[in-house]
Amino acid sequence: MSASAVQSAAANVCDAVVVGAGFAGLYQVHRLQQAGYRVRAFEKGSDVGGTWYWNRYPGARCDIESICYSYSFDEALQREWRWPQRYAEQPDILRYLQHVAERFDLRQHFAFNTAIESAHYDETSQRWLVRTSTGETISTQFFIMATGCLSKPLEPKFKGLESFTGEQYQTSRWPHAGVDFTGKRVGIIGTGSSSIQSTPIIAKQAAQLMVFQRTPQFAIPAWNRELTDEEMRTAQESYAELRRLMRQSEVGIDYESPTIGAKEADAESLQKQLEYAWNRGGYLMLAAYPDLLTDLESNKIVSDWVKEKIRARIKDPEVARKLMPEYPLGAKRLCVDTNYFETFNRDNVTLVDLRESGIDGFTAQGIRLENGTEYALDAVIFATGFDAMTGALLSVDIRGKGGLTLREKWQNGTRNYLGVSVAGFPNFFTITGPGSPSVLYNMTASIEQNVDFVSNTIDHLRDHHYASIEAQPREELAWTKYVDWISKQTIYTKVKSWYNGENVNGKPAGFMPYAGGGLTYFEFVRQAVDEGYRGFTLAS
Ligand code: NA7
């Protein structure tokens with residue numbers, strides 16, 4: 001064998017394959033590299049960033065305050081990074097992840113522009129054979145999907161789309177060079193977070209903007225602003241305490257809420273507390289009272305109050321009526337906005353309510369509704385969402401013991417143990433998979449917790465000379481039932497949403513994230529580990 005052939009054969013055998021170069025993949029690679037494992041990592045995009053690499057639409061920013069939306073694993077990193085704004089915008093978060101990749105020398109492990117096509121478990125060698133889009137096959141002991149929860153966009157499927165002669169964009173695949181809509185008639189389909197963030201900015205540029213709304217959404221003002229040097233310095237100096245407080249909350253951010261529910265509060269204290277929560281802004285509105293996500297009566301009190309606030313932002317009462325959400329606050333992912341509702345006061349913005357008449361399809365010139373109304377467009381933007389939580393996992397042909405595919409295993413709904421491990425799929429881990437708090441928790445913090453669990457588990461196997469670990473079917477079933485049961489104690493299951501998989505035709509419905517809160521989840525994981533990996537089978 002030539003020297004280069006030996007080298008490439010060695011590269012094709014490793015301890016761990018990590019898929020994805022977002023927050024999860026970067027930290028996972030860092031942990032494995034630090035512990036001395038041979039790691040290969042793959043990313044479809046041309047560089048690091050994950051969600052923040054792809055979602056470059058105007059106005060894209062995090063909906064958790066920047067100071068909390070960052071890694072906690074390295075004190076020096078925390079102290080040196082300066083967030084310019086209260087809610088960081090996409091370019092700043094991308095810069096942060098690029099900085100992390102450089103600081104910890106992570107790019108060396110990644111092959112970019114490379115997708116993973118399949119991963120098959122070989123029971124004889126107890127190894128995974130992973131095939132890439134570039135034709136490589138890698139043999140690895142551990143296979144880790146760090147592919148994110150909202151990373152597989154839904155492909156726009158509209159009658160006649162191929163005949164449309166205007167420009168087409170998708171918020172989740174935005175051109176890196178940006179888009180200039182000056183003088184154009186633009187249509188945006190969808191009113192989720194991506195649309196709510198981009199609509200106000202595009203409206204200022206385009207000649208006309210038509211917003212095609214199927215479901216009106218709740219959005220709470222972000223009250224975004226520059227962070228002062230003083231605020232940033234205070235945060236940098238007190239990160240240890242801030243992280244401790246974040247870990248005490250069920251959602252991984254630092255907030256205080258009253259001990260009583262909204263329905264128990266008297267009128268005066270209710271008004272005071274809701275104004276306080278509104279002025280705190282954004283996602284923290286849900287922390288106004290502790291029972292908003294579990295008690296429909298309390299939720300209605302707050303939902304109605306928020307609707308009045310929204311109504312006051314819109315001049316035309318008829319437009320306001322159409323923009324009014326009809327589901328409990330927070331049951332669909334709460335959006336955080338800057339001037340979204342005010343944008344509908346502009347003369348160049350039209351709200352098209354698809355509940356009155358749905359989209360029939362596209363013509364060469366634009367969109368035609370079922371009632372025959374036509375909207376001429378120079379460009380259309382699809383802000384139509386993702387195949388959430390499972391989309392990226394199931395787009396890889398993953399096969400465990402006996403050749404069972406993950407798709408077959410999950411054909412009636414997701415099933416795993418603690419959101420990270422699947423029975424019949426040894427040494428396969430998902431970071432923030434279904435069954436973990438993931439999107440109901442501060443994503444960066446839930447990623448760190450999952451990565452720490454996976455990394456510590458791999459160390460445990462190495463130190464105790466085990467070849468593999470996998471969830472036990474009985475524990476997996478119990479966890480899956482528990483995740484389902486706990487979701488039914490909340491308001492999340494009262495509405496169709498991507499949390500439930502109901503935004504994707506043919507996807508088995510079922511609430512995917514663990515809704516019991518971070519504190520209990522972390523305790524479940526800690527207890528399982530402390531009791532010698534209870535619920536897992538460790539094999540030599
Ligand atoms: P979302 O929140 O899933 O929003 C997608 C939007 O697109 C939502 O308003 C959908 O309406 C709408 N949609 C989807 N398909 C259609 C069709 N065919 N016709 C009309 N309207 C449609 O995705 P985002 O990208 O905005 O946000 C995802 C997450 O990223 C967000 O929650 C934050 O966590 C960050 P629907 O509500 O299904 O009626």
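The residue that is most open to solvent (accessible area, probe 1.4 Å), among those in the stretch 180-201 that are more than 11 Å from the ligand (Cβ to nearest atom) and under 17 Å from Cys62 (Cα atoms), is Ile201. Screening Ala177 against (1) touching a residue at least 12 places away in the same chain (Cβ under 8 Å); (2) surrounded by fewer than 19 Cβ atoms within 10 Å (Cβ to Cβ) leaves a single unmet condition, (1).
Open to solvent by 10 Å² or more (accessible area, probe 1.4 Å) and either under 22 Å from the mean Cα position of the chain (by Cα) or more than 16 Å from the ligand (Cβ to nearest atom) (or both): does that describe Thr215? When the stated conditions are applied, Thr215 passes them.
Taking the stretch 321-343 as the range and being surrounded by 14 or more Cβ atoms within 10 Å (Cβ to Cβ) and either outside the structural domain of Gln197 (by TED's automatic domain parsing) or charged (D, E, K, R) (or both) as the test, the residues that pass are Lys322, Lys332, Arg333, Asp337, Glu342. Evaluated against (1) part of a helix (DSSP H, G or I); (2) within 22 Å of Ile202 (Cα to Cα), Tyr57 falls short on exactly one condition, (1). For the stretch 241-285, a tally of residues being under 26 Å from Val439 (Cβ atoms), outside any helix (DSSP H, G or I) and either free of Cβ contacts under 8 Å to residues at least 60 places away in the same chain or in contact with a Ser or Thr (Cβ under 7 Å, 6 or more places away or on another chain) (or both) returns 6.
Tell me which residues, restricted to the stretch 151-179, are among the small types (Gly, Ala, Ser) and within 16 Å of the ligand (Cβ to nearest atom). First the steps, then the outcome.
The first filter runs over the stretch 151-179 and keeps only residues among the small types (Gly, Ala, Ser), leaving 151, 160, 163, 166, 172, 177-178.
Selection gives Ser151, Gly160, Ser172.
Could you tell me whether the stretch 501-522 includes any residue that is touching a strand residue (DSSP E or B) at 6+ places or on another chain (Cβ under 7 Å), within 16 Å of the ligand (Cβ to nearest atom), open to solvent by 50 Å² or more (accessible area, probe 1.4 Å) and under 30 Å from Ser303 (Cβ atoms)? No, there is no match, as no residue in the stretch 501-522 is touching a strand residue (DSSP E or B) at 6+ places or on another chain (Cβ under 7 Å), within 16 Å of the ligand (Cβ to nearest atom), open to solvent by 50 Å² or more (accessible area, probe 1.4 Å) and under 30 Å from Ser303 (Cβ atoms).
Please find, among Arg407, Arg346, Arg399, the residue that is open to solvent by 50 Å² or more (accessible area, probe 1.4 Å) and over 30 Å from Leu477 (Cβ atoms).
On the way: Arg407 fails: over 30 Å from Leu477 (Cβ atoms); Arg399 fails: over 30 Å from Leu477 (Cβ atoms).
Going through Arg407, Arg346, Arg399 in turn, the sole match is Arg346.
Checking each residue in the stretch 352-374 for being within 13 Å of the ligand (Cβ to nearest atom) and either crowded, with 23+ Cβ neighbours inside 10 Å or not in a loop (DSSP other than H, G, I, E, B) (or both) picks out Val352, Asp353, Ile359, Asp360, Gly361, Phe362, Ile367, Leu369. The one condition from (1) more than 26 Å from the chain's Cα centre (by Cα); (2) among the basic types (Lys, Arg); (3) part of a helix (DSSP H, G or I) that Arg407 does not meet is (1). Considering the stretch 373-390, and only residues there that are touching a residue at least 12 places away in the same chain (Cβ under 8 Å) and over 28 Å from Arg333 (Cβ atoms), the residue that is nearest to the chain's Cα centre (by Cα) turns out to be Asp378.
Name the residues in the stretch 470-502 that are of a type in the set (A, V, I, L, M, F, W, C) and over 21 Å from the mean Cα position of the chain (by Cα), would you?
Matches in the stretch 470-502: Ala471, Leu477, Ala478, Trp479, Trp485.
Does any residue of the stretch 28-46 turn out to be over 23 Å from Ala445 (Cβ atoms), open to solvent by less than 10 Å² (accessible area, probe 1.4 Å) and out of contact with any Leu (no Cβ under 8 Å at 6 or more places or on another chain)? Yes: the stretch 28-46 contains one or more residues that are over 23 Å from Ala445 (Cβ atoms), open to solvent by less than 10 Å² (accessible area, probe 1.4 Å) and out of contact with any Leu (no Cβ under 8 Å at 6 or more places or on another chain).
Being open to solvent by 10 Å² or more (accessible area, probe 1.4 Å), in contact with a Lys or Arg (Cβ under 7 Å, 6 or more places away or on another chain) and modelled with pLDDT of 95 or more is true for just one of Glu117, Glu136, Glu102. Which residue is that? Steps first, please.
On the way: Glu136 fails: in contact with a Lys or Arg (Cβ under 7 Å, 6 or more places away or on another chain); Glu102 fails: in contact with a Lys or Arg (Cβ under 7 Å, 6 or more places away or on another chain).
Going through Glu117, Glu136, Glu102 in turn, just one is open to solvent by 10 Å² or more (accessible area, probe 1.4 Å), in contact with a Lys or Arg (Cβ under 7 Å, 6 or more places away or on another chain) and modelled with pLDDT of 95 or more: Glu117.
When only residues in the stretch 222-240 that are open to solvent by 10 Å² or more (accessible area, probe 1.4 Å) and outside any helix (DSSP H, G or I) count, which is nearest to Glu75 (Cα to Cα)? Going through the qualifying residues, I end up with Ser238.
Among the residues in the stretch 401-415, are any closer than 30 Å to Tyr96 by Cβ, among the aliphatic types (A, V, I, L, M), modelled with pLDDT of 95 or more and in the same structural domain as Ala509 (by TED's automatic domain parsing)? Please lay out each step first, then the result.
Keep residues of the stretch 401-415 that are closer than 30 Å to Tyr96 by Cβ, which gives none.
No, the conditions are met nowhere in the stretch 401-415.
Given the criteria on the phi < 0 side of the Ramachandran plot, modelled with pLDDT of 95 or more and touching a Lys or Arg at 6+ places or on another chain (Cβ under 6 Å), does Ser468 qualify? No, not satisfied.
The values are calculated or read from the model by the stated rules, or taken from the named source; none is laboratory data. Just so you know, these numbers come straight off a predicted model, no measurement behind them. Using ideal geometry, Cβ is built from the backbone for each residue, glycine included, and neighbour counts are taken over all protein chains shown. For accessibility, only protein heavy atoms count, side chains too; no ligands or nucleic acids. Shrake-Rupley method; radii C 1.70, N 1.55, O 1.52, S 1.80 Å.
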